[in-house]
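The structure appears right after this line, and notes come after that.
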Amino acid sequence: MRPEDILLRTPAGICCRIGGFHIDPTRAVEKAVITHAHGDHARAGHGAVLATQETLDLMRLRYGESFAGSTQAIRYGEAVGLGDARVTLHPAGHVLGSAQVAIEANGLRIVASGDYKTVVDPTCVAFELVACNVFITEATFGLPVFRHGNADAEIAKLLRSVALFPDRAHLVGAYSLGKAQRVMALIRKTGYDQPIYLHGAMEKITRYYESRGIALGDLRLVKDARKAELAGTITLAPPSATADLWTRRFPDPLTAFASGWMRVRARARQRGIELPLVISDHADWDGLCATIAATGAGEIWVTHGQEDALVHWCRSKGLTARPLALVGYGDEDEETALPAAQEAGP
Ligand SMILES: [Zn+2]
Ligand SMILES: [Zn+2]
(Lines give C-alpha, C1' and ligand atoms only; values in the text may rest on other atoms or scores of the structure.)
(Ligands and ions follow the chains in the order given, each with its own letter.)
Protein backbone atom coordinates (compact mmCIF):
# COMPACT_ATOMS: atom_id res chain seq x y z
CA MET A 1 0.00 0.00 0.00
CA ARG A 2 1.22 3.48 -0.89
CA PRO A 3 0.49 6.62 1.18
CA GLU A 4 -1.68 7.86 -1.71
CA ASP A 5 -3.94 4.84 -1.18
CA ILE A 6 -4.69 6.13 2.33
CA LEU A 7 -4.82 9.89 1.81
CA LEU A 8 -5.38 11.93 -1.28
CA ARG A 9 -5.87 15.55 -2.21
CA THR A 10 -9.37 16.57 -3.26
CA PRO A 11 -11.00 19.96 -3.93
CA ALA A 12 -12.44 19.81 -0.39
CA GLY A 13 -9.03 19.14 1.19
CA ILE A 14 -7.25 15.97 2.31
CA CYS A 15 -9.43 12.88 2.04
CA CYS A 16 -9.00 9.43 3.55
CA ARG A 17 -10.95 7.31 1.10
CA ILE A 18 -10.56 3.99 2.93
CA GLY A 19 -11.77 5.69 6.12
CA GLY A 20 -14.55 7.67 4.48
CA PHE A 21 -13.57 11.06 5.93
CA HIS A 22 -11.83 14.36 5.18
CA ILE A 23 -9.40 16.22 7.44
CA ASP A 24 -10.25 19.92 7.99
CA PRO A 25 -12.29 20.08 4.78
CA THR A 26 -12.83 23.49 3.22
CA ARG A 27 -16.25 22.46 1.86
CA ALA A 28 -19.16 20.68 3.52
CA VAL A 29 -18.58 16.89 3.52
CA GLU A 30 -20.25 13.81 4.96
CA LYS A 31 -17.65 13.09 7.62
CA ALA A 32 -14.89 15.40 8.86
CA VAL A 33 -12.06 14.97 11.33
CA ILE A 34 -11.22 18.47 12.58
CA THR A 35 -7.78 19.32 14.00
CA HIS A 36 -8.74 22.56 15.78
CA ALA A 37 -11.36 25.28 15.94
CA HIS A 38 -9.72 28.07 13.87
CA GLY A 39 -12.05 29.14 11.08
CA ASP A 40 -9.98 27.92 8.14
CA HIS A 41 -9.86 24.38 9.57
CA ALA A 42 -13.22 24.10 11.32
CA ARG A 43 -16.15 25.02 9.13
CA ALA A 44 -19.84 24.59 9.80
CA GLY A 45 -22.12 22.34 7.77
CA HIS A 46 -20.52 18.88 7.80
CA GLY A 47 -22.66 15.76 8.26
CA ALA A 48 -20.56 14.30 11.06
CA VAL A 49 -17.60 15.81 12.93
CA LEU A 50 -15.03 13.95 14.96
CA ALA A 51 -12.70 16.07 17.12
CA THR A 52 -11.58 16.67 20.69
CA GLN A 53 -14.25 17.84 23.14
CA GLU A 54 -12.65 21.31 23.29
CA THR A 55 -12.67 21.70 19.51
CA LEU A 56 -16.33 20.67 19.36
CA ASP A 57 -17.20 23.09 22.18
CA LEU A 58 -15.34 25.97 20.51
CA MET A 59 -17.05 25.23 17.19
CA ARG A 60 -20.38 25.33 18.99
CA LEU A 61 -19.47 28.73 20.50
CA ARG A 62 -18.58 30.11 17.09
CA TYR A 63 -21.27 28.58 14.88
CA GLY A 64 -24.15 27.71 17.21
CA GLU A 65 -25.67 24.39 18.26
CA SER A 66 -26.42 23.06 14.79
CA PHE A 67 -22.92 23.44 13.33
CA ALA A 68 -22.86 19.75 12.27
CA GLY A 69 -25.32 16.90 11.75
CA SER A 70 -23.68 14.87 14.50
CA THR A 71 -20.52 15.06 16.60
CA GLN A 72 -18.18 12.59 18.25
CA ALA A 73 -15.60 13.66 20.83
CA ILE A 74 -12.46 11.59 21.24
CA ARG A 75 -9.66 11.95 23.75
CA TYR A 76 -5.99 12.29 22.88
CA GLY A 77 -4.64 8.80 22.27
CA GLU A 78 -8.04 7.11 22.03
CA ALA A 79 -8.29 4.95 18.90
CA VAL A 80 -11.33 4.81 16.66
CA GLY A 81 -11.86 2.65 13.60
CA LEU A 82 -13.17 4.55 10.60
CA GLY A 83 -13.70 2.23 7.63
CA ASP A 84 -10.40 0.43 7.09
CA ALA A 85 -8.39 3.06 8.95
CA ARG A 86 -7.46 3.42 12.61
CA VAL A 87 -7.50 7.05 13.73
CA THR A 88 -6.01 8.67 16.84
CA LEU A 89 -5.64 12.31 17.87
CA HIS A 90 -2.49 13.68 19.53
CA PRO A 91 -1.82 17.11 21.05
CA ALA A 92 -0.58 19.71 18.54
CA GLY A 93 0.29 22.44 21.09
CA HIS A 94 -1.37 25.10 18.87
CA VAL A 95 -4.52 26.18 20.79
CA LEU A 96 -6.85 24.58 23.35
CA GLY A 97 -8.06 21.22 22.01
CA SER A 98 -5.79 21.23 18.94
CA ALA A 99 -4.79 17.84 17.60
CA GLN A 100 -2.66 16.07 15.06
CA VAL A 101 -4.47 13.27 13.26
CA ALA A 102 -2.68 9.91 13.00
CA ILE A 103 -4.08 7.45 10.47
CA GLU A 104 -2.94 3.84 10.33
CA ALA A 105 -3.73 1.25 7.69
CA ASN A 106 -1.81 -1.80 6.52
CA GLY A 107 1.14 -1.04 8.77
CA LEU A 108 1.59 2.47 7.40
CA ARG A 109 1.15 5.51 9.65
CA ILE A 110 0.47 9.00 8.32
CA VAL A 111 0.29 11.98 10.66
CA ALA A 112 -1.46 15.19 9.60
CA SER A 113 -0.19 17.88 11.94
CA GLY A 114 -2.83 20.56 11.47
CA ASP A 115 -1.32 23.79 12.85
CA TYR A 116 1.27 23.14 15.55
CA LYS A 117 4.00 24.55 17.74
CA THR A 118 6.49 22.77 19.93
CA VAL A 119 7.23 25.50 22.50
CA VAL A 120 5.52 25.54 25.90
CA ASP A 121 2.09 27.20 26.05
CA PRO A 122 0.32 27.42 29.44
CA THR A 123 -3.09 27.32 27.72
CA CYS A 124 -2.90 23.97 25.93
CA VAL A 125 -1.47 20.47 26.14
CA ALA A 126 2.11 20.26 24.84
CA PHE A 127 2.84 18.98 21.31
CA GLU A 128 3.34 15.23 21.20
CA LEU A 129 5.85 13.80 18.78
CA VAL A 130 4.32 10.86 16.88
CA ALA A 131 6.66 8.62 14.90
CA CYS A 132 5.31 8.01 11.41
CA ASN A 133 6.07 7.05 7.83
CA VAL A 134 4.54 10.14 6.26
CA PHE A 135 4.27 13.50 8.03
CA ILE A 136 2.01 16.24 6.71
CA THR A 137 3.37 19.48 8.09
CA GLU A 138 2.02 23.01 8.05
CA ALA A 139 4.41 25.71 6.80
CA THR A 140 2.92 29.05 7.90
CA PHE A 141 6.39 30.27 8.89
CA GLY A 142 8.32 28.02 6.52
CA LEU A 143 11.17 30.39 5.75
CA PRO A 144 14.52 30.62 7.56
CA VAL A 145 13.90 34.30 8.46
CA PHE A 146 11.16 33.22 10.84
CA ARG A 147 12.62 32.59 14.26
CA HIS A 148 10.10 33.45 16.91
CA GLY A 149 12.45 33.75 19.89
CA ASN A 150 11.18 33.76 23.44
CA ALA A 151 7.56 34.75 24.09
CA ASP A 152 8.32 35.60 27.75
CA ALA A 153 10.84 38.21 26.58
CA GLU A 154 8.15 39.79 24.39
CA ILE A 155 5.75 39.95 27.34
CA ALA A 156 8.52 41.59 29.41
CA LYS A 157 8.78 44.21 26.65
CA LEU A 158 5.05 44.89 26.95
CA LEU A 159 5.19 45.22 30.74
CA ARG A 160 8.21 47.55 30.52
CA SER A 161 6.23 49.77 28.18
CA VAL A 162 3.24 49.79 30.57
CA ALA A 163 5.57 50.85 33.41
CA LEU A 164 7.20 53.50 31.24
CA PHE A 165 3.94 55.06 29.99
CA PRO A 166 1.50 54.95 32.93
CA ASP A 167 -0.85 57.44 31.23
CA ARG A 168 -1.30 55.41 28.06
CA ALA A 169 -3.72 52.54 27.50
CA HIS A 170 -1.92 49.53 25.99
CA LEU A 171 -4.00 47.81 23.32
CA VAL A 172 -2.70 44.38 22.38
CA GLY A 173 -4.07 42.97 19.13
CA ALA A 174 -4.28 39.19 19.45
CA TYR A 175 -6.41 36.64 17.66
CA SER A 176 -9.55 35.86 19.69
CA LEU A 177 -9.10 32.10 19.86
CA GLY A 178 -5.85 30.94 21.40
CA LYS A 179 -3.46 33.85 21.02
CA ALA A 180 -5.37 36.22 23.29
CA GLN A 181 -5.66 33.67 26.10
CA ARG A 182 -2.01 32.68 25.74
CA VAL A 183 -0.92 36.33 26.00
CA MET A 184 -3.06 36.75 29.15
CA ALA A 185 -1.60 33.58 30.69
CA LEU A 186 1.95 34.73 29.88
CA ILE A 187 1.25 38.12 31.48
CA ARG A 188 -0.08 36.41 34.63
CA LYS A 189 2.98 34.14 34.76
CA THR A 190 5.11 37.21 35.46
CA GLY A 191 3.06 37.98 38.60
CA TYR A 192 1.17 40.92 37.03
CA ASP A 193 -2.09 41.06 39.03
CA GLN A 194 -3.81 44.21 37.74
CA PRO A 195 -7.11 43.75 35.90
CA ILE A 196 -6.72 42.84 32.21
CA TYR A 197 -9.40 44.31 29.94
CA LEU A 198 -11.11 42.49 27.08
CA HIS A 199 -12.85 43.47 23.87
CA GLY A 200 -16.36 42.00 23.93
CA ALA A 201 -15.65 39.77 20.90
CA MET A 202 -13.29 37.59 22.92
CA GLU A 203 -15.35 37.23 26.06
CA LYS A 204 -17.14 33.93 25.29
CA ILE A 205 -14.02 32.10 24.18
CA THR A 206 -11.98 33.44 27.09
CA ARG A 207 -14.64 32.35 29.60
CA TYR A 208 -14.60 28.93 27.97
CA TYR A 209 -10.82 28.68 28.50
CA GLU A 210 -11.36 29.54 32.16
CA SER A 211 -14.05 26.85 32.43
CA ARG A 212 -11.43 24.33 31.25
CA GLY A 213 -9.21 25.22 34.20
CA ILE A 214 -6.98 27.88 32.65
CA ALA A 215 -6.67 30.63 35.27
CA LEU A 216 -6.42 34.11 33.74
CA GLY A 217 -6.91 36.30 36.83
CA ASP A 218 -9.04 39.45 37.07
CA LEU A 219 -10.60 40.04 33.63
CA ARG A 220 -12.93 42.95 32.87
CA LEU A 221 -14.79 44.15 29.81
CA VAL A 222 -13.73 47.41 28.18
CA LYS A 223 -17.35 48.40 27.71
CA ASP A 224 -17.86 48.44 31.48
CA ALA A 225 -14.85 50.71 32.13
CA ARG A 226 -14.60 54.50 32.19
CA LYS A 227 -12.01 56.05 29.87
CA ALA A 228 -9.82 57.47 32.64
CA GLU A 229 -9.66 54.12 34.40
CA LEU A 230 -8.01 52.55 31.33
CA ALA A 231 -4.82 54.64 31.59
CA GLY A 232 -1.84 52.42 32.33
CA THR A 233 -3.81 49.22 31.76
CA ILE A 234 -3.58 46.35 29.26
CA THR A 235 -6.46 45.49 26.92
CA LEU A 236 -6.65 42.48 24.61
CA ALA A 237 -8.59 43.01 21.39
CA PRO A 238 -8.96 41.35 17.97
CA PRO A 239 -6.25 42.76 15.64
CA SER A 240 -8.80 44.55 13.46
CA ALA A 241 -10.27 46.42 16.44
CA THR A 242 -6.94 48.05 17.30
CA ALA A 243 -7.12 49.95 14.01
CA ASP A 244 -10.67 51.28 14.15
CA LEU A 245 -12.81 53.89 15.88
CA TRP A 246 -13.18 51.63 18.88
CA THR A 247 -9.74 52.82 20.07
CA ARG A 248 -11.19 56.30 20.79
CA ARG A 249 -12.53 55.05 24.09
CA PHE A 250 -8.95 54.70 25.37
CA PRO A 251 -6.71 57.45 26.73
CA ASP A 252 -3.70 57.95 24.39
CA PRO A 253 -3.73 54.32 23.12
CA LEU A 254 -0.46 52.55 22.38
CA THR A 255 -0.97 49.73 19.89
CA ALA A 256 0.78 46.36 20.13
CA PHE A 257 0.24 43.22 18.06
CA ALA A 258 1.13 39.67 19.11
CA SER A 259 1.97 37.69 15.98
CA GLY A 260 4.78 35.72 14.34
CA TRP A 261 4.54 38.20 11.48
CA MET A 262 5.88 40.92 13.75
CA ARG A 263 9.35 39.56 12.98
CA VAL A 264 8.91 41.50 9.72
CA ARG A 265 9.30 45.17 10.64
CA ALA A 266 7.57 46.41 7.50
CA ARG A 267 4.39 44.57 8.48
CA ALA A 268 4.35 46.25 11.87
CA ARG A 269 4.89 49.66 10.26
CA GLN A 270 2.16 49.08 7.66
CA ARG A 271 -0.34 48.34 10.40
CA GLY A 272 0.76 51.31 12.51
CA ILE A 273 1.89 49.04 15.33
CA GLU A 274 4.02 50.86 17.91
CA LEU A 275 4.96 47.77 19.86
CA PRO A 276 5.37 44.60 17.78
CA LEU A 277 5.39 41.42 19.89
CA VAL A 278 6.77 38.32 18.18
CA ILE A 279 4.48 35.68 19.67
CA SER A 280 3.24 32.89 17.42
CA ASP A 281 1.12 29.77 17.84
CA HIS A 282 2.86 28.18 14.85
CA ALA A 283 6.24 26.46 14.76
CA ASP A 284 9.02 28.69 13.44
CA TRP A 285 11.57 27.54 10.85
CA ASP A 286 13.74 25.74 13.39
CA GLY A 287 10.67 24.15 15.00
CA LEU A 288 9.39 22.89 11.65
CA CYS A 289 12.75 21.41 10.63
CA ALA A 290 13.39 19.81 14.04
CA THR A 291 9.91 18.28 14.15
CA ILE A 292 10.11 16.89 10.63
CA ALA A 293 13.44 15.23 11.44
CA ALA A 294 12.21 13.88 14.78
CA THR A 295 9.13 12.13 13.36
CA GLY A 296 11.46 9.78 11.47
CA ALA A 297 9.16 10.08 8.45
CA GLY A 298 10.78 9.34 5.09
CA GLU A 299 8.14 11.28 3.22
CA ILE A 300 6.91 14.79 3.97
CA TRP A 301 3.90 16.55 2.53
CA VAL A 302 3.98 20.31 3.04
CA THR A 303 0.87 22.46 3.19
CA HIS A 304 -0.60 25.64 4.60
CA GLY A 305 1.85 28.46 4.02
CA GLN A 306 5.32 28.81 2.57
CA GLU A 307 5.71 25.35 1.12
CA ASP A 308 8.64 25.60 -1.30
CA ALA A 309 11.51 26.39 1.07
CA LEU A 310 10.52 23.59 3.41
CA VAL A 311 10.15 21.09 0.55
CA HIS A 312 13.62 22.10 -0.61
CA TRP A 313 15.02 21.66 2.91
CA CYS A 314 13.47 18.19 3.20
CA ARG A 315 14.95 17.08 -0.12
CA SER A 316 18.38 18.38 0.91
CA LYS A 317 18.12 15.98 3.86
CA GLY A 318 17.34 13.05 1.58
CA LEU A 319 13.61 12.96 2.35
CA THR A 320 10.89 12.60 -0.23
CA ALA A 321 8.86 15.80 -0.09
CA ARG A 322 6.12 17.51 -1.99
CA PRO A 323 3.98 20.61 -1.66
CA LEU A 324 0.24 19.94 -1.41
CA ALA A 325 -0.85 23.37 -2.61
CA LEU A 326 -4.26 23.09 -0.94
CA VAL A 327 -6.41 26.18 -1.15
CA GLY A 328 -8.62 27.61 1.55
CA TYR A 329 -6.24 27.73 4.49
CA GLY A 330 -4.95 31.01 5.84
CA ASP A 331 -3.28 32.34 8.91
CA GLU A 332 -5.55 33.50 11.69
CA ASP A 333 -3.39 36.56 12.44
CA GLU A 334 -3.89 37.80 8.90
CA GLU A 335 -7.69 37.67 9.03
CA THR A 336 -7.80 41.39 9.68
CA ALA A 337 -10.42 42.21 7.11
CA LEU A 338 -13.10 40.76 9.38
CA PRO A 339 -14.97 43.26 11.51
CA ALA A 340 -14.18 42.61 15.16
CA ALA A 341 -17.68 41.41 15.97
CA GLN A 342 -17.34 38.62 13.43
CA GLU A 343 -14.13 37.22 14.81
CA ALA A 344 -15.84 35.46 17.66
CA GLY A 345 -18.66 34.21 15.48
CA PRO A 346 -22.36 34.79 16.00
ZN1 LIG B 1 -4.80 27.44 13.58
ZN1 LIG C 1 -4.37 27.16 10.07
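Among the residues of the stretch 198-210, those identified as open to solvent by less than 10 Å² (accessible area, probe 1.4 Å) and farther than 15 Å from Pro239 by Cα are Ile205, Thr206, Tyr209.
Kindly indicate whether any position in the stretch 263-285 is surrounded by 14 or more Cβ atoms within 10 Å (Cβ to Cβ), within 16 Å of ligand 1 (Cβ to nearest atom) and over 25 Å from Glu128 (Cβ atoms). No, because not a single residue in the stretch 263-285 is surrounded by 14 or more Cβ atoms within 10 Å (Cβ to Cβ), within 16 Å of ligand 1 (Cβ to nearest atom) and over 25 Å from Glu128 (Cβ atoms).
For the stretch 48-64, a residue qualifies if it is in a strand (DSSP E or B) and either surrounded by 18 or more Cβ atoms within 10 Å (Cβ to Cβ) or in contact (Cβ under 8 Å) with a residue 40 or more places away in the chain (or both), and the qualifying residues are Val49, Leu50, Ala51. Given (1) crowded, with 21+ Cβ neighbours inside 10 Å; (2) away from ligand 2 (no atom under 16 Å from the Cβ); (3) not in a helix (DSSP H, G or I), where does Gly232 come up short, assuming only one miss? Going through (1) crowded, with 21+ Cβ neighbours inside 10 Å; (2) away from ligand 2 (no atom under 16 Å from the Cβ); (3) not in a helix (DSSP H, G or I) one by one, Gly232 breaks only (1).
In summary, helices (runs of 4 or more DSSP H) completely within the stretch 114-213 and bearing 2 or more residues that are within 14 Å of Ser259 (Cα to Cα) occur at 151-164, 179-189.
Looking only at the stretch 119-160, residues that are polar (S, T, N, Q) and open to solvent by 10 Å² or more (accessible area, probe 1.4 Å) come to 2 in all. The residue that is surrounded by the most Cβ atoms within 10 Å (Cβ to Cβ), among those in the stretch 65-118 that are more than 16 Å from the chain's Cα centre (by Cα) and of a type in the set (S, T, N, Q), is Thr88.
Go through the stretch 78-101 and give me each residue that's over 24 Å from Gly213 (Cβ atoms), touching a residue at least 60 places away in the same chain (Cβ under 8 Å) and outside any strand (DSSP E or B).
If the condition is that a residue be over 24 Å from Gly213 (Cβ atoms), touching a residue at least 60 places away in the same chain (Cβ under 8 Å) and outside any strand (DSSP E or B), then Gly83, Asp84 are the ones that fit.
Based on this model, can you work out whether Ala105 counts as modelled with pLDDT of 95 or more, touching a Gly at 6+ places or on another chain (Cβ under 9 Å) and away from ligand 2 (no atom under 16 Å from the Cβ)? For Ala105, the condition - modelled with pLDDT of 95 or more, touching a Gly at 6+ places or on another chain (Cβ under 9 Å) and away from ligand 2 (no atom under 16 Å from the Cβ) - is met. Looking only at the stretch 258-277, residues that are part of a helix (DSSP H, G or I) and either touching a residue at least 60 places away in the same chain (Cβ under 8 Å) or on the phi > 0 side of the Ramachandran plot (or both) come to 3 in all. For the stretch 307-343: of the residues being open to solvent by less than 20 Å² (accessible area, probe 1.4 Å), in contact with a helix residue (DSSP H, G or I) (Cβ under 8 Å, 6 or more places away or on another chain) and more than 15 Å from ligand 1 (Cβ to nearest atom), which is modelled with the lowest pLDDT? By that ranking, first place goes to Ala340. Restricting Gly39, Gly45 to residues that are within 16 Å of ligand 2 (Cβ to nearest atom), under 22 Å from Lys204 (Cα atoms) and surrounded by fewer than 22 Cβ atoms within 10 Å (Cβ to Cβ) narrows the list to Gly39. For the stretch 134-185, the candidate set comprises residues that are within 16 Å of ligand 2 (Cβ to nearest atom) and among the hydroxyl-bearing types (Ser, Thr, Tyr); within that set, the residue that is nearest to His304 (Cα to Cα) is Thr140.
The values are calculated or read from the model by the stated rules, or taken from the named source; none is laboratory data. From a predicted model like this one, the values you see are computed outputs, not experimental measurements. Methodologically, a virtual Cβ is constructed for each residue, glycine included, from the backbone with ideal geometry; neighbour enumeration extends over all protein chains shown. Quick note on the areas: whole protein, heavy atoms, side chains included, nothing else; ligands and nucleic acids left out. Shrake-Rupley method; radii C 1.70, N 1.55, O 1.52, S 1.80 Å.
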